[in-house]
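S.K.: Let me give you the structure first, and then I'll get to my questions.
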Amino acid sequence: MKNRQLLTLLLACSPLLASAHNITLGEPVLDVDVKKHGEIILNDGEAEYQAWSNQTMLGKVRVIQAIAGRGSSKELNAPLMAAITAAKFPEDAYQTTTIINQDDAMWGTGSIVKSKAQNSKKEFPWSSMVLDADGAVASAWELEEESSAIIVQDKLGKVVFVKEGALDESEVASVITLIREHL
């Protein structure tokens with residue numbers, strides 16, 4: 001009888017366990033540095049890397065898209081990225097930061113992930129793109145593997161929205177509204 005009660009309790013809690021991140025609304029994300037690869041910058045049109053810290057994200061409203069180095073993870077929140085692009089938020093007050101976990105790529109595809117990240121930076125030079133070779137961000141923030149996390153932070157770095165997995169239409173609309181409210 002005890003085993004059945006334990007199983008019932010575990011099943012009841014399983015939706016809560018599905019989102020295992022340690023990110024709290026109203027608080028900043030845990031500090032993390034990406035030293036292996038890091039932020040992709042363009043120098044005369046060529047991609048280069050510099051060490052990155054989440055502390056560099058203060059001062060602007062941000063949508064942080066932390067994704068596994070897989071095409072399927074990037075596609076999970078493509079509708080949100082399209083809505084952000086269409087909204088044309090002012091660059092001096094807003095920025096998207098995409099953090100790609102190269103450590104969570106399919107075996108043997110690390111160089112493809114790196115190349116695609118560099119191409120994305122060239123296509124969207126105003127966006128902040130970070131290639132995290134060792135998965136430091138996903139580890140520090142306890143993000144799900146093979147997924148996409150969306151985190152909205154205000155100018156002071158406090159989290160005003162967080163969700164792992166695909167956002168539905170109402171959540172996309174909520175994120176756009178939150179960005180506007182915090183600009």
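S.K.: Once the other residues with Cβ under 11 Å from the Cβ of residue 182 are scored (Lys, Arg +1; Asp, Glu -1), what is the net sum?
M.R.: Value of the local net charge: +3.
S.K.: Return the aspartates and glutamates within reach of residue 116: Cα separation strictly under 20 angstrom, same-chain partners fewer than 8 residues apart disregarded; answer none if there are no such residues.
M.R.: Correct list for residue 116: 39, 44, 46, 48, 75, 103, 104, 132, 134, 145, 146.
S.K.: Antiparallel versus total DSSP beta bridges in the chain: what percent is that, nearest 5?
M.R.: If I count the DSSP bridges inside the chain, around 65 percent turn out antiparallel.
S.K.: Under a point spin-label approximation (7 Å from Cα along Cα-to-Cβ), what is the residue 116-residue 44 distance to one decimal in nm?
M.R.: Result for the modelled spin labels: 3.0 nm.
S.K.: Right, here's the next one. Which one, 179, 94, 115, is farthest towards the positive end of the dipole of the chain when Lys and Arg carry +1 and Asp and Glu -1 on their Cβ?
M.R.: 179
S.K.: Rg and Dmax of the chain, using alpha carbons, in Å: what are they?
M.R.: 17.1, 69
S.K.: Mean residue ellipticity at 222 nm from the helices of the chain, using -39,500 (n - 2.57) per DSSP H segment of n ≥ 4 over the full residue count, to the nearest 500 deg cm²/dmol?
M.R.: -11000 deg cm²/dmol
S.K.: Still on this structure, please answer the following. Per residue of the range 65-72, in order, report the coupling 6.51 cos²θ - 1.76 cosθ + 1.60 (Karplus, θ = phi - 60°) as ³J(HN,Hα) in whole Hz, putting x for Gly and Pro.
M.R.: Listing the rounded values in order: 10, 9, 10, 5, x, 9, x, 5 Hz.
S.K.: Still on this model: Please give the Cα centre distance for the range 40-62 versus the range 102-172, rounded to the nearest Å.
M.R.: Cα centroid to Cα centroid, the span is 14 Å.
Every read-out reported here was derived from the displayed coordinates using simple, explicitly stated rules and does not represent laboratory data. Fair warning: this is a prediction, and the values are worked out from it, not measured in the lab. Cβ atoms come from the backbone with ideal geometry, glycine included; neighbour counts cover every protein chain shown.
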